[in-house]
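Below is one structure, written out as structure tokens; the observations come after it.
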Amino acid sequence: MPTTATAASAFADVTTSDSALRRFLHGLPGVDAVGLEARAASLGTRSIKTTAKAYAIDLAISMIDLTTLEGADTPGKVRALAAKAVNPDPTDRTTPKTAAVCVYPDMVATAKAAVAGSGVKVASVATAFPAGRAALPVKLADTADAIAAGADEIDMVIDRGAFLAGRYMEVYEQIAAIKAECGDRARLKVIFETGELSTYDNIRRASWLGMMAGADFIKTSTGKVAVNATPANTLLMLEAVRDFRAQTGVQIGVKPAGGIRNTKEAIKFLVLVNETVGEDWLDNHWFRFGASSLLNDLLMQRQKLATGRYSGPDYVTVD
């Protein structure tokens, strides 16, 4: 399969200068906001049968990056979260593991030890998360520290100020530099903070910019602002990865993060994936949910399907 390096070479002519990159990004088709939101809403109304719902719940669990990104995080809290990622429901060993746990760089070693041998990945935010406002050497050091501690995946944030000011080459070069730091040691997820990008056109431009610069995943949000993942902005990013693969042969993952709290919402996102990019993305190697509270609702809904009754909130741990 072609790699992100293949994609970078395919766009070498448009990344030679800021003006060339600007022409390319502003030459992308404009987004029909009304049509985008209508399609996202329409797909969200589709119902699925009980057997399909059971499959969707297990798939959603397997796609979660179980996340704690708080100033009050402690080693004990991270170990408890990691234990839940490895064994989400101690009463039912058929419950899938989550894809990863996502923590701050200083908690990577703790998380890595806690998930050792389980297959659960450790993701770390980096590059001055959540604002992304730091000099490149600081961002590179942040990334290197996380990888040295054992991070399998890096969730970096772009400098939205630079992007919104039109300094596209600066953003491109920073993503490319972080990708080079990751090398083949860690997959790179690039967070756009879509709630701060103001327009759907900017989300489309950021998606292409991130993919051209070497992102393995494009991610909606940090979860730290008022507007995070929505069906519309996720649909737009799914369309971008679909078109990018059609043009380059390179497949890029998508991660909506923040604001997805229950099973009904998660299934709506899975329908978006299936209807927009197809089964190739219905795998946790290519699609993730960035979430903390979502897992509990999925577990309660899973038990409801198995037993015919809802469990109370005491059935699941409070993260």
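The values are calculated or read from the model by the stated rules, or taken from the named source; none is laboratory data. Note that this is a predicted model, so its numbers are computed, not measured. Every residue, glycine among them, receives a Cβ derived from its backbone with ideal geometry; neighbour counts consider all protein chains shown. Note: areas computed on protein heavy atoms with side chains; ligands, DNA, RNA excluded. Shrake-Rupley method; radii C 1.70, N 1.55, O 1.52, S 1.80 Å.
Percent of Cα pairs in region 1-47 per distance bin of 10 Å, from zero to the largest separation: 21, 26, 24, 25, 3. I need the shape label for region 1-153. Rule: rounded when a/c is under 1.5, else prolate if a/b > b/c, else oblate, with a, b, c from the alpha carbon gyration tensor. It is oblate, given that a/c is not under 1.5 and a/b is not larger than b/c. A Förster radius of 22 Å, combined with the Cβ-Cβ distance separating ARG167 from ASP13, puts the computed FRET efficiency at roughly 0.65.
When LYS49, LYS84 are compared by accessible surface with a 1.4 Å probe, the order from highest to lowest is LYS49, LYS84. Working from Cα pairs under 8 Å separated by at least six residues, relative contact order for the chain is 20 percent. Fully extending the segment from ARG185 to SER42 would add 47.5 nm, taking 0.36 nm per residue of separation and subtracting the current Cα-Cα distance. Across the alpha-carbon atoms of the chain, the computed radius of gyration and Dmax are 19.0, 61 angstrom. Would you please state which residues of region 95-112 a label at ARG79 would reach in this model, taking the label point 7 Å out along Cα→Cβ and a backbone N cut-off of under 19 Å? It comes to 101-112, nothing else. Here the chain is treated with +1 on each Lys and Arg Cβ and -1 on each Asp and Glu Cβ, and its dipole about the Cα centre works out to around 640 debye. By DSSP, the beta bridges lying fully in region 4-315 are antiparallel in about 0 percent of cases.
Compute the Kirkwood hydrodynamic radius of region 90-151, taking the inverse of the mean of 1/r over all pairs of distinct Cα atoms, and give it in Å to one decimal.
Hydrodynamic radius (Kirkwood, Cα only) of region 90-151 equals 12.7 Å.
Distance from the Cα centroid of region 170-242 to that of region 13-83 is 10 Å (rounded to whole angstrom).
If each DSSP helix of 4+ residues adds -39,500 (n - 2.57) and the sum is divided by the residues in the chain, what number results at 222 nm, nearest 500 deg cm²/dmol? Using -39500 (n - 2.57) per qualifying helix, the result is -15000 deg cm²/dmol.
For region 253-305 versus region 93-113, the spacing of their alpha-carbon centroids is 18 Å.
Average the reciprocal distances over every distinct pair of alpha-carbons in region 138-214, invert the result, and give the Kirkwood radius in Å.
Taking every pair of different Cα atoms in region 138-214, averaging 1/r and inverting gives 12.7 Å.
Net charge in the neighbourhood of LYS219 (other residues with Cβ under 11 Å of its Cβ; Lys, Arg +1, Asp, Glu -1) is -2. Backbone amide hydrogens, once placed in the peptide plane, bring ALA151 within less than 5 Å of nothing, excluding anything fewer than 5 places away on its chain. If you take the beta carbon distance between ASN87 and LYS264 as r and set R0 to 25 Å, what does 1/(1 + (r/R0)^6) give as a FRET efficiency, to the nearest 0.05? After rounding, the FRET efficiency stands at 0.50.
May I ask which residue of ASN274, ILE203, LEU164 lies farthest towards the positive end of the charge dipole of the chain, with charges of +1 (Lys, Arg) and -1 (Asp, Glu) on Cβ and the Cα centre as origin? Of the listed residues, the answer is ASN274.
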